[in-house]
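Quick notes on the structure that follows.
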Amino acid sequence: MPYAIVINLDHDLHPDDVCRFLWNEIAERMLDVGFRIDGRSFVMNAPPEEACRLARETIESIESHLEFHRKHIYKYIKEFYGFPTDARTNLLVPPLGDIEVDEGGSPTSTES
């Protein structure tokens, strides 16, 4: 089952150029370890424990590699969490109860 990781940087407390730089590093490294980008999440077909471990290791590798202004990278992260993708609700589509399926076989028009 796909598992998603969400990482949101704290743009309220840190300059946009710094956040943009960090985001590019995060995205590149998350892709390198096997995640794919799905909207605003990183998704991987892996058990939750493995996906979370890889995400944490990826973030920590950025910190050790960049020694980012001698500050802990987690200070720049506002949200960092994971969830199974089947728990996600797409609010861009109507609720399932509002979707009608015409099983008649032939298209009909309600226009006059």
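Being under 18 Å from Val43 (Cβ atoms) and part of a helix (DSSP H, G or I) is the filter; apply it to the range 65-94 and report the residue that is modelled with the lowest pLDDT.
Within the range 65-94, the match that is modelled with the lowest pLDDT is Ala87.
In the list Ala87, Ala46, which residue meets the criterion of being of a type in the set (Gly, Ala, Ser) and touching a residue at least 40 places away in the same chain (Cβ under 8 Å)? Break it down into steps so the answer makes sense when it comes.
Values: Ala87 fails: touching a residue at least 40 places away in the same chain (Cβ under 8 Å).
Only one candidate qualifies: Ala46.
In the list Ile59, Ile99, which residue meets the criterion of being loosely packed, with under 12 Cβ neighbours inside 10 Å and either of a type outside the set (Phe, Trp, Tyr) or modelled with pLDDT under 85 (or both)? Talk me through it step by step, then tell me what you get.
On the way: Ile59 fails: loosely packed, with under 12 Cβ neighbours inside 10 Å.
Only one candidate passes the filter, namely Ile99.
Checking the structure you have, find out if any residue of the range 9-16 is assigned to a helix (DSSP H, G or I) and more than 24 Å from Ala87 (Cα to Cα). Quick ask: steps written out before the conclusion?
Keep residues of the range 9-16 that are assigned to a helix (DSSP H, G or I), which gives 16.
Keeping just the survivors that are more than 24 Å from Ala87 (Cα to Cα) gives 16.
Taking every residue of the range 9-16 in turn, at least one turns out to be assigned to a helix (DSSP H, G or I) and more than 24 Å from Ala87 (Cα to Cα).
Search the range 18-64 for residues being in a helix (DSSP H, G or I) and among the aromatic types (Phe, Trp, Tyr), and hand back the single one that is nearest to Ile7 (Cα to Cα). Walk me through it before giving the result.
In the first step, residues of the range 18-64 are kept if they are in a helix (DSSP H, G or I); the result is 18-32, 48-64.
When the remaining residues are screened for being among the aromatic types (Phe, Trp, Tyr), the result is 21, 23.
On the way: Phe21: 14, Trp23: 9 Å.
Checked the range 18-64; the qualifying residue nearest to Ile7 (Cα to Cα) is Trp23.
Going through the range 51-67 one residue at a time, which ones are closer than 12 Å to Gly82 by Cβ and free of Cβ contacts under 8 Å to residues at least 40 places away in the same chain?
Arg53, Leu54, Arg56
Tell me, which residue of the range 1-58 that is in contact with a His (Cβ under 9 Å, 6 or more places away or on another chain) and of a type in the set (A, V, I, L, M, F, W, C) is farthest from Ile77 (Cα to Cα)?
Only one residue fits best here, namely Val18.
Can you work out which of the residues in the range 27-44 that are modelled with pLDDT of 95 or more and exposed (fewer than 12 other Cβ atoms within 10 Å of the Cβ) is farthest from Leu91 (Cα to Cα)?
Here the residue is Asp32.
The values are calculated or read from the model by the stated rules, or taken from the named source; none is laboratory data. These numbers were taken from a predicted model, which means no experiment stands behind them. Note that each Cβ is placed from the backbone with ideal geometry, even for glycine, and that neighbours are counted across all protein chains shown.
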